[in-house]
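Notes for the one structure printed next.
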Amino acid sequence: TTSVLLWTCVVQLTAVGETWGPRVLKGWPSCFTHQDSSFSVIEDKVLSVPARVLPPKRVYKNNGYLMVSCNGGLNQMRAAICDMVTIARYLNVTLIVPELDKTSFWADPSEFQDIFDVDHFITSLRDEVRILKELPPRLKRRVEMGTVYSMPPISWSDISYYRNQILPLIRKYKVVHLNRTDTRLANNGQPLDIQKLRCRVNFSALRFTSQIEDLGKRVIKLLRQNGPFIVLHLRYEMDMLAFSGCTQGCNNEEVEELTRMRYAYPWWKEKIINSDLKRKDGLCPLTPEETALILRALDIENSYQIYIAAGEIYGGNRRMASLASAYPKLVRKETLLEPSDLGFFQNHSSQMAALDYLVSLESDIFIPTYDGNMAKVVEGHRRFLGYKQTILLDRRLLVDLIDQYNSGSLTWNEFSNAVKESHKNRKGQPTQRSVIPDRPKEEDYFYANPEECLKPSSYGQVSSM
């Protein structure tokens, strides 16, 4: 009888062994608690999350090292970084993480890693190009001693220039420093794989730091809670007006202040400027007063939130009064966030611009009042995201219409209809990038319309409000 009972127990234990066995190994009490069941579910989820798979390293013979010093504001440097990665890839050289401009008007001391996720930048491109945070020690000492070959490359050059002129220098000196990077690679006439790599760097590898990304998400969430919003890139800051010489609506003291500032910067080469003529040629940013008229003419309702993506507007509340009256839901990051939220970003204009960049990408409509670097790069990024609506203002036409309306030559309905009719095909729809041989400055900028990287299936899917 005892033998039969023992044999029966063995059979039963064998049958339930698969259920109890693992639990016994973890400790007996967990077999009978609900907590263990929850833990198993959590554990299964953790185990099911795939580990991040890095692209395989590209194996190639290294021809040397390329150092670059970017110049300009955030978006000018952003485009330049994309170009420099592409150039390094096709020269088979090692790129050192780019140095950002600290000597421009904005005097931002930020390093690359203060704005961009440097580890993501390096690892996400490892199948294309080798990128290091700094030179190997022996070469670094040479640079510190000042024995490095430094030069500005020729603007708007195609990739053959770098292969024929720059690569021999890198092979000779082992390290070459390119000390200017803006617009150094041509817009058009480049092989398709070069254009696609420029896009990959811009839209994938250049990711902002988690601190900037998280704050950007907070701003977007706050805006979304109150409905749709428009981002107005109102480029009416002191530096823009001093540089361009555009003084429409400024008083005599302000005109003198802006003129003194223009003369104080020797690299702003244009000194004597006729503001009225420049405005009529469409070369001035729209004033806040002009912008208010245009938004109303486009039938943008005053119930929409208008997020101002810009620095301090020159003239302050006095110049913003008409725009604030027409659109009472004017907001900016400084009004949406607490001062403590932005404390870390103070005196770091590029990091503040990065925050505006993220909000601009997510807006229902993006409207720049001047076609500077941010306007162009955001326009191209919004095209890449599915041709999100970007209203590209024809300033030359608009100032003429505004003057006619203000003089009484046009009624409001005539003025509004003319504005809407002239901009119905200027909303970021798919268009072919213009090519002007021998005049690259006048043709469409690659990063404003990177058509080689855009999905044809998205054509026509432009949202409207």
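Return the long-range amide H neighbours of Q305 (sequence gap of 5 or more, or a different chain), with a cut-off of under 5 Å between placed amide H atoms.
Sorted by chain and number, the residues that satisfy this are I230.
For the range 348-465, with equal point scatterers placed on the C-alpha atoms only and solvent neglected, what are the log10 I(q)/I(0) values from the Debye formula at q = 0.15, 0.23 1/Å, to two decimals?
One equal scatterer on each Cα of the range 348-465 leads to -0.78, -1.28.
Bin width 10 Å, origin at 0, all Cα-Cα pairs of the range 210-453: what percent of pairs per bin?
P(r) over the range 210-453, rounded to whole percents: 7, 28, 37, 23, 4, 0.
Take peptides 287-295, 425-433 and line them up by average Cβ neighbours within 10 Å, highest first, as a rough protection proxy.
Packing proxy ranking, top to bottom: 287-295, 425-433.
What's the magnitude of the charge dipole for the chain around its Cα centre, counting Lys and Arg as +1 and Asp and Glu as -1 at the beta-carbon? Answer in Debye, nearest 20.
Details: 59 positive and 54 negative charges, 356 e Å.
My answer is approximately 1700 debye.
When the solvent-accessible surface of protein heavy atoms is calculated with a 1.4 angstrom probe, in what order do R138, R224, R200, R262 fall, highest first?
Numbers: R138 155, R224 100, R200 75, R262 15 Å².
Order by accessible area, largest first: R138, R224, R200, R262.
Within the accessible area of the chain, what % is carbon and sulfur when the probe is 1.4 Å and the other protein chains stay in place? Could you put the intermediate results ahead of the total?
On the way: 12860 of 23880 Å².
Answer for the chain: carbon and sulfur cover 54 percent of the accessible area.
Rounded to whole Å and sorted largest first, what semi-axes of the equivalent ellipsoid does the C-alpha gyration tensor of the range 213-291 yield via the square root of 5 times each eigenvalue? Write out the running numbers ahead of the final one.
On the way: eigenvalues 212, 48, 24 Å².
In descending order, the three semi-axes are 33, 15, 11 Å.
So what's the angle, to the nearest 10 degrees on a 0 to 90 scale, between helix 288-297 and the longest Cα principal axis of the chain?
Value to nearest ten degrees: 80.
Can you tell me the FRET efficiency between T411 and D193 if r is taken as the Cβ-Cβ distance and R0 is 41 Å, rounded to the nearest 0.05?
On the way: r = 54 Å, r/R0 = 1.32.
Calculated transfer efficiency: 0.15.
What is the magnitude of the charge dipole of the range 65-205 about its Cα centre, with +1 placed on the Cβ of each Lys and Arg, -1 on the Cβ of each Asp and Glu, and no other charges, expressed in debye to the nearest 20?
On the way: 19 positive and 15 negative charges, 138 e Å.
With Lys and Arg at +1 and Asp and Glu at -1, about 660 debye.
If you average over every viewing direction, what projected area does the convex hull of the Cα atoms of the range 65-205 give, in nm²? Please report the intermediate quantities before stating the final value.
On the way: hull surface 32.6 nm².
Result: 8.1 nm².
Please report how far the C-alpha centroid of the range 381-444 lies from that of the range 53-116, rounded to the nearest whole angstrom.
So the separation of the two Cα centres works out to 33 Å.
Give the distance, in whole Å, between the Cα centre of the range 214-288 and the Cα centre of the range 183-198.
First find each Cα centre; the distance between them is then 30 Å.
Can you give me the long-range amide H partners of K388? Hydrogens built in the peptide plane at 1.01 Å from N, cutoff under 5 Å, separation of 5 or more residues or another chain.
R383
What value does the range 181-331 have for Rg/Rh, both radii from Cα atoms and Rh as Kirkwood defines it? Can you show the working numbers first?
Details: Rg = 19.3 Å, Rh = 18.6 Å.
On the Cα set of the range 181-331, Rg over Rh gives 1.04.
Need one number: the % of Cα-Cα pairs in the chain sitting beyond the 37 Å mark. All intermediate terms of the calculation are to be shown ahead of the outcome.
Details: 41639 of 107880 pairs.
When all Cα pairs of the chain are counted, 39 percent exceed 37 Å.
If the viscosity is 1.306 mPa s and the temperature 10 °C, what translational diffusion coefficient in µm²/s does Stokes-Einstein give for the range 177-216 when Rh comes from Kirkwood over Cα pairs?
Details: Rh = 12.6 Å.
Estimated diffusion coefficient is 127 µm²/s.
Taking +1 at the Cβ of each Lys and Arg and -1 at the Cβ of each Asp and Glu, which of V175, T411, T247 sits farthest along the dipole of the chain towards its positive end, judged by Cα position relative to the Cα centre?
Highest projection toward the positive end goes to V175.
Give me the Å³ per residue figure for the convex hull around the C-alpha atoms of the range 293-400.
Working: hull volume 13.6 nm³, N = 108.
Dividing the Cα hull volume of the range 293-400 by its residue count gives 126 Å³.
With +1 on the Cβ of every Lys and Arg and -1 on the Cβ of every Asp and Glu, and nothing else charged, how large is the dipole of the range 353-465 about its Cα centre, in debye rounded to the nearest 20?
Numbers: 14 positive and 16 negative charges, 50 e Å.
It works out to roughly 240 debye.
With labels modelled as points extended 7 Å from the Cα through the Cβ direction, what inter-label distance (nm, one decimal) is found for M145 paired with N251?
Calculated label separation equals 6.1 nm.
Please list, or write none, the aspartates and glutamates whose alpha carbon is within less than 15 Å of the alpha carbon of K376, excluding same-chain residues fewer than 8 places away.
In chain and number order, the partners are D182, D356, D394, E442, E443, D444, E451.
How much length would be gained if the chain were fully extended between E338 and W268, taking 0.36 nm per residue of separation minus their Cα-Cα distance, in nm to one decimal?
On the way: separation 70, 0.36 × 70 = 25.20 nm, distance 3.60 nm.
In short, 21.6 nm is gained.
Could you compute how much accessible surface R163 exposes when probed at 1.4 Å, giving the result in Å² to the nearest 10?
Taking all protein chains as shown, R163 has close to 110 Å².
Projecting each Cα onto the charge dipole of the chain (Lys/Arg +1, Asp/Glu -1 at the beta carbon, about the Cα centre), which of P109, T390, A321 comes out farthest on the positive side?
Checking the options against the dipole of the chain, the answer is P109.
Here are some pairs, K57/K174; K133/K217; K221/K455; K333/K427; K221/K329; which of them have Cα atoms lying more than 18 Å apart in this structure?
Details: K57/K174 22 Å; K133/K217 28 Å; K221/K455 28 Å; K333/K427 25 Å; K221/K329 16 Å.
In this structure, K57/K174; K133/K217; K221/K455; K333/K427 lie more than 18 Å apart at Cα.
With a 1.4 Å probe and every protein chain left in place, work out the accessible area per residue of the range 51-203 in Å², rounded to a whole number. Can you show the working numbers first?
On the way: 6790 Å² over 153 residues.
Accessible area per residue: 44 Å².
Apply 1/(1 + (r/R0)^6) to the Cβ-Cβ distance of R171 and N347, taking R0 = 45 Å, and write down the FRET efficiency to the nearest 0.05. The partial results should precede the final answer.
Details: r = 42 Å, r/R0 = 0.92.
After rounding to 0.05, the efficiency reads 0.60.
Apply 1/(1 + (r/R0)^6) to the Cβ-Cβ distance of Y60 and E301, taking R0 = 60 Å, and write down the FRET efficiency to the nearest 0.05.
Details: r = 56 Å, r/R0 = 0.93.
Efficiency, rounded to the nearest 0.05: 0.60.
On a 0 to 90° scale, report how tilted helix 395-407 is relative to the longest principal axis of the chain, with both axes built from alpha carbons and the result rounded to the nearest 10.
50 degrees
The values are calculated or read from the model by the stated rules, or taken from the named source; none is laboratory data. Since this is a predicted model, take the numbers as computed values, not measurements. Here the Cβ is made from the backbone with ideal geometry for all residues, glycine too, and neighbour counts use every protein chain on show. All accessible areas refer to the heavy atoms of the entire protein, side chains included, with ligands and DNA or RNA removed. Shrake-Rupley method; radii C 1.70, N 1.55, O 1.52, S 1.80 Å.
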